[in-house]
Each structure stands twice: as C-alpha cells, then as structure tokens.
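Engineer: Can you read through this structure? Questions will come right after.
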Amino acid sequence: MSRIHIDKINRIHFIGIGGIGMSALARHFLSEKKQVSGSDRSLTLITEALNSEGVQIFGEQTEENISKDIELVVYTEAMSPDHPEMKAAKKLKVPMVNYFEALGLAMNPYYLIAVAGTHGKTTTTAMLADIFEAAEKDPTVVVGSLRAKTKSNYRAGKSKYAIVEACEYKRDFLHLKPDVLIITNLEHEHVDYYKDLADVQSAFRELASQVNEGGVIITDTANPNIAPILSELEVEVINYQDLLDLSLPLKQPGLHNRQNAAAALSVAKYEKLSVDEAREALGQFAGTWRRFEYKGTCNNAPVYDDYAHHPTEIRATIDSARELYPDRRLIILFQPHTYTRTASLFDDFARALGLADQVFILPIYAAREENTTGVTSRELSVKVIEHNPNVAYLDSTESAESTLQSTITDQDVLVVMGAGDVSLLAGKLTQ
C-alpha cells in the first residue's frame with residue numbers, strides 16, 4: 001500500500017460500491033475530480049444516487065468491468081479472491097486495496113479526527129460533523145450511516161480537517177494515523193474475529209500507539225476496559241466524562257447519546273472551538289439513519305428503526321424509548337445478526353431483550369457466516385422467557401408484519417431492531 005500515491009491516481013473502481021463506507025469513499029474521490037466506477041450485486045438507492053452524481057455503476061459483477069485504464073481497485077473485505085473482478089484486476093496487474101486501506105490513503109494526509117469504539121461511533125462522528133460545520137471549519141467527513149441533516153454519508157470539505165469513523169473489525173482501523181483519536185467505549189465485539197476482550201484491547205492499544213506526535217486521545221479514562229490500553233502511552237489523554245452534561249438538551253434521548261455528545265464536545269474544546277456554539281449545534285443534531293430513527297406510525301403507535309445488534313446497544317435503545325415514552329408498552333422486533341455473535345453473547349442478549357414489555361424474535365441474519373454453532377433464534381426466544389414471558393419467535397418477516405399489524409395499539413411504541421434486513425419492515429409497517 002505504501003507504494004500507492006493516491007494523489008497521482010485518476011481512475012478508481014469499487015467492487016461492492018453500494019456499501020455505506022465504500023459509497024462514502026467513492027464520493028470522496030469523485031469530489032477530488034477522479035474518475036470513479038463501481039459494481040454491486042444489486043442496485044439500491046445508494047447506487048442510484050452515486051450514478052446521478054457521476055459514478056459509472058455496473059449492476060452485474062463481471063470481468064468486463066475491469067478495463068485497462070483503471071489504476072486502482074478498492075474492494076470490500078467480503079469479496080472472495082475468486083471474485084471475477086478481483087481475478088481480472090490481478091490478471092491486469094491493477095493495484096488492489098480493501099476499503100480501510102483506501103480510507104487510510106485518502107484521509108491520513110489530513111488533520112485526522114478518528115472515532116473508534118465498540119458503540120457510538122456513527123453518532124459521535126455525525127455530531128462532530130455538525131459541530132465543525134457550525135464553527136465554519138469546513139471538514140471532510142466519512143460517517144458509517146446517512147446523516148439525517150444531509151441524507152448523505154460523506155461531506156466534501158476544503159479545510160485541513162477530516163473526521164472519520166474507525167471500525168475495529170479485523171483491526172481495519174490500524175490503517176489510520178489519527179491526530180485526534182476518540183475511543184467511545186470498549187467491549188468484546190466482532191466475536192467471529194476477536195477471541196476475547198484482551199484481543200480487542202490489543203487492537204485498540206495498537207491504534208492508540210499510532211496517534212501522531214503532538215496528538216491526543218479522548219476517551220472515558222475510568223472505563224475498566226479502556227484504562228489498561230492507556231498505560232505508558234506517550235500521548236495526551238483527555239477524559240470526555242469531564243464534559244458529560246446530563247441536562248444537555250438533545251433530540252436523541254438516552255445516557256449513551258449524552259456520552260457521545262461529551263466526547264464530541266471534548267474535541268471541540270481541544271481544538272479551541274467555541275464550546276457554547278458546539279452545545280448549540282448538538283441541540284440541533286438530527287441523528288443518523290437507523291440510530292433510533294423515527295419512521296412514522298402503525299395503528300397510531302410510533303415506530304422506530306434501530307441498528308442495535310449487541311446487548312449493550314439493545315439496553316441503550318430500550319432506555320431511550322423508555323425516556324421518551326414512559327407510559328407506553330414497549331414492543332421490540334429483534335433480528336439477531338450473525339451466528340457467532342448470537343452464540344457468544346446468548347445470555348446477555350436474553351437479559352437485554354427481557355427489559356422490553358413484548359419481544360418478537362426473527363431468524364438470525366447470517367451475513368457473512370455459516371451456522372457452525374447450531375444456535376437458533378427459537379432457542380434465544382426460549383431463553384428470554386427466563387426474564388420476560390412476553391416473547392414469541394416469528395419465522396419470517398411476512399409473519400412479523402402481519403403479527404405486528406394485528407398486535408400494536410395506540411398505547412404502544414415499536415422498535416424494529418437489528419443490523420440485517422429487518423430495517424425494511426419498519427418502512428412497510430409505516431407506509
């Protein structure tokens with residue numbers, strides 16, 4: 001990767017361009033006047049938008065998509081080496097990098113603010129975008145969702161600042177060399193890759209050691225999972241809990257969002273922006289796609305769509321719903337995401353889901369996995385009964401749609417929850 005000079009490359013092709021990170025990076029290179037093309041297995045609203053913005057989109061992934069004039073191929077980690085476009089690029093000796101390698105190539109030359117952590121990365125990144133916009137700092141931003149404010153996952157800026165979301169999966173964030181590193185929190189996640197908490201901590205420790213000289217780490221220094229990775233680092237560390245304001249008016253409820261806001265405010269203070277203006281920007285922050293996103297009503301009950309796929313995130317979302325609707329029955333429709341995560345955190349999922357008033361559980365969304373553990377959603381629904389008897393397993397989204405339409409009343413609030421395709425149901429129920 002070190003031999004690739006991104007400023008000298010003019011023609012880039014993305015394999016899997018419809019992904020949320022890939023599409024943002026495609027937009028970045030397009031804003032730099034590079035020729036951008038990409039392919040995906042299915043055409044979506046994102047690929048349609050990219051096409052309208054000037055990206056050449058291929059709806060089929062074939063060898064013919066890779067032409068001799070392509071100077072760099074960017075691919076998602078889900079791609080097999082036997083993928084026809086990967087094979088064609090290798091045959092033509094076109095340099096290939098994965099998404100995070102490309103993100104590092106694009107963003108490391110900036111004054112880089114990277115947002116890492118097990119939970120809250122997307123919201124904190126989007127909050128920082130709003131703060132820096134309000135301060136007229138014109139940042140470049142790559143966020144792992146669509147900002148409600150702009151309906152986009154990318155902002156093209158002309159200043160020195162870049163604000164990016166940094167994912168820990170497969171240690172991908174180690175391609176980034178931040179000047180400011182936020183670590184929102186830290187737990188054992190991505191259990192298909194990390195064997196235990198110590199393994200996750202080792203990755204964050206390595207990222208922390210890559211902060212540029214004169215830079216800073218902003219985190220919760222008292223968090224017992226984070227404190228060990230901070231010892232003996234030769235870099236300034238700031239505790240964002242010092243700026244935690246439980247009375248800060250936010251449109252997004254929940255303690256977790258106030259902690260995200262505290263981390264964002266800490267960056268503003270460190271960069272000598274007006275903290276009062278930053279607080280005002282946070283008060284207007286409209287959130288992001290699939291983060292406790294209001295979709296409309298079903299039978300006069302409010303319906304929210306949420307990306308939560310970890311027990312900690314489920315608890316945080318339930319707390320948010322309780323804060324907004326203390327007198328309503330809380331119904332959760334949950335789609336577990338990946339077999340390994342469901343099996344590894346099985347008991348924690350049951351306890352977290354048991355906090356709702358009524359729970360419906362769909363089959364596990366496999367994503368990139370085969371079911372080598374044997375775990376099932378039906379087993380999970382039985383486990384939840386230990387904490388809450390009001391739980392049912394539903395074998396399909398069609399069954400879920402009809403069940404919910406006949407169950408929900410105007411005294412309820414529904415959260416459709418999970419990182420898979422369950423999101424589509426929130427739209428159907430509120431049409």
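Engineer: Please note which strands (runs of 3 or more DSSP E) are completely contained in the range 57-172 and include at least 1 residues that are of a type in the set (Ser, Thr, Tyr) and open to solvent by 10 Å² or more (accessible area, probe 1.4 Å). So that I can check it myself, show each step before the final result.
Structural biologist: On the way: elements: 72-75, 96-98, 111-116, 140-142, 161-165.
Per the criteria, 72-75, 111-116, 161-165.
Engineer: If I ask for residues that are hydroxyl-bearing (Ser, Thr, Tyr) and surrounded by 12 or more Cβ atoms within 10 Å (Cβ to Cβ), which ones from the range 45-56 would you list? Reasoning before the result, please.
Structural biologist: Going through the range 45-56, the residues hydroxyl-bearing (Ser, Thr, Tyr) turn out to be 47, 52.
Result: THR47, single match.
Engineer: Here is a check on your reading of the model: is SER23 surrounded by 12 or more Cβ atoms within 10 Å (Cβ to Cβ), of a type in the set (S, T, N, Q) and within 23 Å of VAL141 (Cβ to Cβ)? First the steps, then the outcome.
Structural biologist: Numbers: surrounded by 12 or more Cβ atoms within 10 Å (Cβ to Cβ): yes; of a type in the set (S, T, N, Q): yes; within 23 Å of VAL141 (Cβ to Cβ): yes.
When the stated conditions are applied, SER23 passes them.
Engineer: Another question, if that's okay. Where residues in the range 312-334 are of a type in the set (Asp, Glu) and not in a loop (DSSP other than H, G, I, E, B), which of them is farthest from the chain's Cα centre (by Cα)?
Structural biologist: Let us first name the residues in the range 312-334 that are of a type in the set (Asp, Glu), namely 313, 319, 323, 327.
The next check asks that each one be not in a loop (DSSP other than H, G, I, E, B); those that pass are 313, 319, 323.
Working: GLU313: 12, ASP319: 20, GLU323: 23 Å.
Per the stated criteria, the residue is GLU323.
Engineer: Anything in the range 4-20 that is among the hydrophobic types (A, V, I, L, M, F, W, C), more than 19 Å from LYS68 (Cα to Cα) and open to solvent by less than 20 Å² (accessible area, probe 1.4 Å)? List them, or say none.
Structural biologist: Start the filter on the range 4-20 by keeping residues that are among the hydrophobic types (A, V, I, L, M, F, W, C), which leaves 4, 6, 9, 12, 14-15, 17, 20.
Cutting the leftovers down to more than 19 Å from LYS68 (Cα to Cα) gives us 17, 20.
Across the range 4-20, the qualifying residue is only ILE17.
Engineer: Taking ASN223, is it within 27 Å of ALA278 (Cα to Cα), assigned to a loop (DSSP other than H, G, I, E, B) and either in contact with an Asp or Glu (Cβ under 9 Å, 6 or more places away or on another chain) or charged (D, E, K, R) (or both)?
Structural biologist: Considered against the rule, which asks whether it is within 27 Å of ALA278 (Cα to Cα), assigned to a loop (DSSP other than H, G, I, E, B) and either in contact with an Asp or Glu (Cβ under 9 Å, 6 or more places away or on another chain) or charged (D, E, K, R) (or both), ASN223 comes out as no.
Engineer: Which condition breaks for THR397 when tested against (1) of a type outside the set (A, V, I, L, M); (2) touching a residue at least 24 places away in the same chain (Cβ under 8 Å); (3) out of contact with any helix residue (DSSP H, G or I) (no Cβ under 8 Å at 6 or more places or on another chain)?
Structural biologist: Checking THR397 against (1) of a type outside the set (A, V, I, L, M); (2) touching a residue at least 24 places away in the same chain (Cβ under 8 Å); (3) out of contact with any helix residue (DSSP H, G or I) (no Cβ under 8 Å at 6 or more places or on another chain), the one that fails is (3).
Engineer: Still on this model: Among ALA227, ALA261, which is the only one that is open to solvent by 40 Å² or more (accessible area, probe 1.4 Å) and small (Gly, Ala, Ser)?
Structural biologist: Details: ALA261 fails: open to solvent by 40 Å² or more (accessible area, probe 1.4 Å).
Exactly one residue qualifies, and that residue is ALA227.
Engineer: So which residues in the range 267-311 are open to solvent by less than 40 Å² (accessible area, probe 1.4 Å), in contact (Cβ under 8 Å) with a residue 60 or more places away in the chain and assigned to a helix (DSSP H, G or I), if there are any at all?
Structural biologist: Within the range 267-311, VAL267, ALA268, ALA278, ALA281, LEU282 meet the criteria.
Engineer: Filtering the range 347-405 down to residues that are part of a helix (DSSP H, G or I) and among the acidic types (Asp, Glu), which residue is most open to solvent (accessible area, probe 1.4 Å)?
Structural biologist: Here is the first cut: in the range 347-405, the residues part of a helix (DSSP H, G or I) are 347-353, 377-384, 397-405.
Those still in the list that are among the acidic types (Asp, Glu) too: 347-348, 379, 398, 401.
Numbers: ASP347: 71, ASP348: 57, GLU379: 92, GLU398: 123, GLU401: 48 Å².
Of everything passing the filter in the range 347-405, GLU398 is most open to solvent (accessible area, probe 1.4 Å).
The values are calculated or read from the model by the stated rules, or taken from the named source; none is laboratory data. These numbers were taken from a predicted model, which means no experiment stands behind them. Reconstructed Cβ throughout: ideal geometry from the backbone, glycine too, with neighbour counts over all protein chains shown. These accessible areas exclude ligands, DNA and RNA; they are computed on the full protein's heavy atoms, side chains included. Shrake-Rupley method; radii C 1.70, N 1.55, O 1.52, S 1.80 Å.
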